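Below is one structure, written out as structure tokens; the observations come after it.
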Amino acid sequence: MIILSIETSCDDTSVSVVKITGKKTPKFHVLANEISSQIKVHSPFGGVVPNLASREHLKNLPLVFLHAIKKAKIKLKDIDYIATTQGPGLIVALLVGLNFSRALAYSLKKKIIPVHHISGHIYSNWLANKKIDFPVLNLVVSGGHTQLILMPRHGKFKLLGSTRDDAAGEAFDKVAKLLGLGYPGGPAISKLAEKGDPKKYELPRPMLNSKDFDFSFSGLKTAVFYFSKKHPEILKKGKAQKDFCASFQKAVIDVLVAKTMSCAKKHKAKFILLSGGVSANDLLRDELKKQAKKEKIKFLVPEKIYSTDNAAMIAVCAYFNRKKAQSWKNLDAKANLRLF
Ligand code: KG4
Ligand code: ZN
């Protein structure tokens with residue numbers, strides 16, 4: 001089976017071609033995973049500008065699509081399904097991918113499988129073709145989401161905790177903006193943090209000891225704002241800024257790891273899966289891996305290229321959701337939009 005997938009929910013235009021072999025234990029072969037990033041377009045504004053994102057998707061999607069087909073060395077008639085991100089995301093960005101998928105499905109007489117972006121992130125872990133036993137606990141950390149999601153089996157999701165305000169990625173982005181590090185903030189902060197001392201500055205660990213599995217990062221962002229007034233040295237390039245980035249990163253990761261581990265133990269998870277853009281963070285990957293090993297819980301995280309937005313993860317999720325395939329006429333923007 002060959003699934004062509006399209007992802008345009010935010011600032012990456014991505015088209016993948018994924019071949020699936022084997023029935024009982026499917027194997028995913030990524031024949032192409034083309035991504036056109038819009039970082040250069042948005043970074044002067046310090047964040048994603050929806051109208052510009054929409055325009056860029058419109059301009060680039062046909063080209064990314066042609067590249068993917070060429071790279072995968074397939075003919076259009078080889079495609080069995082078209083998978084497309086239906087939401088959540090920027091509506092003006094999503095519409096570009098949805099309408100492209102519809103036109104493609106109409107011309108090829110194929111069905112569309114609509115995919116929830118967050119379940120796509122979760123399924124990025126199946127791209128490693130490893131055996132994953134349920135129950136699985138997912139920590140999904142992206143620019144818009146911070147969630148702990150329990151999966152007792154495929155396609156069944158139970159939300160156990162989430163952020164009450166800002167997402168973890170959003171905290172990285174906002175703090176980076178405050179420090180003048182540009183957009184996106186996560187990669188910029190983690191790069192500087194590599195050469196910094198995480199113990200140098202003491203920052204709050206919000207909700208670390210709360211009994212639930214929720215998170216809150218907006219207070220941390222505010223704390224950083226007031227901290228920068230007292231310590232203006234962190235706003236300038238240099239050792240202090242590196243130490244600050246390391247301290248901030250550690251504060252966020254300490255909370256994410258502690259909550260994930262207590263949630264996994266409580267729900268007797270066999271696997272902890274990390275996904276979403278923030279899962280590209282090396283310290284988070286290492287810390288969670290270490291703690292999971294200590295508790296004898298298996299741990300998986302996708303290759304970095306599949307951590308941030310990509311269409312390959314959309315194809316994998318679509319494979320497990322084939323029953324939801326629809327004709328181009330029936331694609332309902334509301335259906336399948338909610339994971340919970
Ligand atoms: O999943 P994603 O690509 O897009 C959304 O669906 O939001 O995630 C983007 C987020 C951004 O907030 C970005 O700053 C963050 O992932 N991110 C990181 C790192 N790489 C990307 N955060 C921390 N450390 C990183 N290395
Ligand atoms: Zn995402």
Using the Cα gyration tensor of segment 134-269, the equivalent ellipsoid's semi-axes, largest first and to the nearest Å, work out to 30, 14, 13
CD proxy at 222 nm, helix term only [per DSSP H run n ≥ 4: -39500 (n - 2.57); per residue of the chain; nearest 500]: -12500 deg cm²/dmol
Segment 1-152: translational diffusion in µm²/s, Stokes-Einstein, Kirkwood Rh over Cα pairs, 25 °C, 0.890 mPa s: 150
The chain: antiparallel bridges as % of DSSP beta bridges, rounded to 5, reads 60
Give K70/K324; K259/K293; K242/K298; K266/K304; K23/K290 a once-over and call out the pairs whose C-alpha atoms are over 25 Å from each other. K70/K324; K242/K298; K266/K304; K23/K290
With a 10 Å radius around each residue's Cβ, average the other Cβ atoms per peptide and rank 200-209, 107-116, 283-292, highest first. 107-116, 283-292, 200-209
Protection proxy ranking of 1-12, 82-93 - average other beta-carbon atoms within 10 Å, highest first: 1-12, 82-93
Can you list residues from other chains, or at least 5 along the same chain, whose modelled amide H is less than 5 Å from the amide H of S307? none
If one builds a Gaussian network model of the chain from Cα atoms under 10 Å apart, the most fluctuating residue listed among I122, I253, I74 is I74
Would you give the gap between the C-alpha center of segment 124-169 and the C-alpha center of segment 229-279, rounded to a whole Å? 17
Between segment 174-218 and segment 1-57, the Cα center-to-center distance that results, in Å: 27
Rounding to the nearest 20 debye, state how big the charge dipole of the chain is about its Cα centre with +1 on each Lys and Arg Cβ and -1 on each Asp and Glu Cβ. 1140
If the cut-off is a Cα-Cα distance under 20 Å, which aspartates and glutamates reach K110, setting aside same-chain residues fewer than 8 apart in sequence? E7, D78, D80, D332
Here the residues of segment 248-273 lying in the modelled label zone of K199, meaning backbone nitrogen under 17 Å from a point 7 Å along Cα-to-Cβ, are 248-251, 254
For segment 112-194, compute Rh as the Kirkwood radius over C-alpha pairs and then the Stokes-Einstein diffusion coefficient at 20 °C and 1.002 mPa s; write the answer in µm²/s, rounded to an integer. 148
Determine the alpha carbon to alpha carbon distance for each of K211/K289; K250/K294; K40/K199; K24/K270; K191/K268; K27/K156 and list only those over 29 Å. K40/K199; K191/K268
Cα pair distances in the chain, grouped into 20 Å bins until the bin that holds the longest one, percent each: 32, 56, 12, 0
Charge tally in the Cβ shell below 11 Å around Q38, where Lys, Arg are +1 and Asp, Glu are -1, Q38 excluded: -1
Would you list K131, K174, K59, K71 from fewest to most Cβ contacts within 10 Å? K131, K59, K71, K174
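No value in this document is a laboratory result; all are computed from the given coordinates. Remember, predicted model here, so these are calculated numbers, not experimental data. When we count neighbours, we look across all protein chains shown, and the Cβ atoms used for this are built from the backbone with ideal geometry, even at glycine.
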